[in-house]
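Values in this text are rule-based calculations from the coordinates and carry no lab data. All values derive from a computational prediction rather than experimental measurement. Cβ: placed from backbone, ideal geometry, glycine included. Neighbour counts: every protein chain shown.
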Amino acid sequence: MPRHHRPTAWTLAGLLAAALSACGPGAGAPATAPNTASATASSGTGPATPTDGSTRLCLSGTVQVLYPPADNPLRSSCVHVGTRIVVTLRVRSNYRWAPVVSSAPSVVTVLGNRVAPDGSRAATARAEAPGTTTLSSADTFTPDPHGPPSRAWQLKLRVIP
């Protein structure tokens, strides 16, 4: 009798890691690299080959980005027009994240920014048009603006049709 296997979280994580590593420069950065993000899950139609003839894989549907990452650091990614990007910037004690901004709002529009009950920054963005952009934020030490240094977070996105 044949055994049927169901996809597991490990299989999904492996496929996502493979797709992210094929998305372009920076996706294979070491786990200790600063200013990185981790794509924790992707839903929707998943990775697809871009229409420009390259062999890189691009994400679609909804992409979850978490910083600081548990593993699988992500500094850049390729997404399709229409992809929803959900960013969660975890809070550190006595720090607060500034709103997430897009360097090219006509390419990726930030739809919402809010502070979650635990103090983390939650932002949602949508890929609107082909091009490149950088989503970014920084955290500051809230008890004293002249206190410890801030951390910058950036995610470079390439958007294709």
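If a paramagnetic tag sat 7 Å from the Cα of residue 118 along the Cα-Cβ line, which residues of the stretch 86-108 would have the backbone N under 18 Å from that point?
Flagged as within label range: 86-98.
Set the Förster distance to 45 Å, then compute FRET efficiency between residue 140 and residue 81 from the Cβ-Cβ distance, nearest 0.05.
That pair, residue 140 with residue 81, gives E of 0.85.
Using θ = phi - 60° and the Karplus curve 6.51 cos²θ - 1.76 cosθ + 1.60, what whole-Hz ³J(HN,Hα) does each residue of the stretch 146-161 get, with Gly and Pro shown as x?
After applying 6.51 cos²θ - 1.76 cosθ + 1.60, I find 9, x, x, x, 7, 10, 9, 10, 9, 9, 8, 10, 10, 10, 10, x Hz.
Can you put 74, 66 in order of Cβ neighbours within 10 angstrom, beginning with the fewest?
With the fewest neighbours first, 74, 66 line up as 66, 74.
Compute from the Cα atoms of the stretch 80-161 the Rg and the Dmax, the latter being the longest Cα-Cα distance, and quote both in angstrom.
Gyration radius and largest Cα-Cα distance of the stretch 80-161: 13.8, 45 Å.
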